[in-house]
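Novice: First the structure, which I've put down as structure tokens, then a few questions once you've had a look.
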Amino acid sequence: MTSPIITEAVRALVDKKDLSRIEAAAAMEAIMSGAATNAQIAAFLTALRMKGETVEELIGFAQVMHQKAVRVKTRGEEVAALTGTDREMLIDTCGTGGDAAGTFNVSTATAFVVAGAGLRVAKHGNRSVSSLCGSADVVETLGINLELPPAKVARCVDEIGIGFLYAPLLHTAMKHVMAARREMG
């Protein structure tokens, strides 16, 4: 099943036209709801990258992702896995998901350094898609359970100052993007 919303968005992007915040949100909704095919997702991401993202487009994408994210409550505050802040300063050192330069996983190392300095860290990440190792690969090798439910991750953050937010558990709608993203490299 193809999504007419994505088809129109790809046409606009190929023509170097910016999407409005509403159009960007509609496209992201189509992708995250599973209405778009892998080919459409790849075409959309490629066309967007070639045109260049605007602030309005990014806001539209982020709004949909924020709505669909599973919430993690720490110390009574509701915190979205992708915002990384609350009243008591909760930091997320999420990486880019692959730098293609063959470097080590800087964002995960940074999370441990920051937590060791006394700031609370909600490290958000996933397995490697296009890099040598993703954050999830690193923490799993260290013996950390990736499959913790949100309440237990919050407890880790509250009690020891760091918790790992495994993207597939907190952004379940992103499963629709993974195959296209993996194939694109």
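All of the numbers you see were taken from the coordinates with simple rules; none came from a lab. A quick note: this is a predicted structure, and the numbers were derived from the prediction, not measured. As a convention, Cβ positions derive from the backbone with ideal geometry for all residues, glycine included, and neighbour counts pool all protein chains shown.
Novice: At each listed q (0.09, 0.14 Å⁻¹), what is the log10 of I(q)/I(0) that the Debye formula gives for the chain modelled as equal alpha-carbon point scatterers?
Specialist: -0.35, -0.82
Novice: Measuring from label point to label point, each 7 Å out along Cα→Cβ, what is the GLN63 to ILE22 span in nm?
Specialist: My value for the distance between the label points is 1.0 nm.
Novice: Highest mean first, how do 14-20, 117-123 rank when packing is the count of other Cβ atoms within 10 Å averaged over residues? Walk me through the numbers before you get to the answer.
Specialist: On the way: 14-20: 13.7, 117-123: 19.3.
Highest to lowest by the protection proxy: 117-123, 14-20.
Novice: Determine the calculated [θ] at 222 nm for the chain from helices alone, applying -39500 (n - 2.57) to every DSSP H run no shorter than 4 residues and normalising by the residue count; nearest 500 deg cm²/dmol.
Specialist: Calculated mean residue ellipticity at 222 nm is -15000 deg cm²/dmol.
Novice: Provide the FRET efficiency to the nearest 0.05 for the ALA35-ASP158 pair, computing r from the beta carbons and using R0 = 30 Å.
Specialist: The value I calculate is 0.20.
Novice: Please list, in chain and number order, the residues 5+ apart from VAL121 or on another chain whose amide H is under 5 Å from its amide H, with Hs placed from the backbone.
Specialist: ILE91, ILE162, GLY163
Novice: Just report the Cα centroid separation between region 113-185 and region 1-62, whole Å.
Specialist: Between the Cα centres of region 113-185 and region 1-62 lies a distance of 26 Å.
Novice: Mean Kyte-Doolittle hydropathy of 0.5 or higher plus an axial Cα length of 18 Å or more: which whole DSSP H helices in the chain meet both?
Specialist: Working: long enough: 38-51 (20 Å, 0.56); 55-68 (20 Å, 0.12).
Correct list, ordered by number: 38-51.
Novice: Now for a different question. Taking Rh as the Kirkwood radius, which is the inverse of the mean 1/r over Cα pairs, what is the Rg/Rh value for region 4-67? Spell out each step's value before the answer.
Specialist: Working: Rg = 10.3 Å, Rh = 11.2 Å.
Here the Rg-to-Rh quotient is 0.92.
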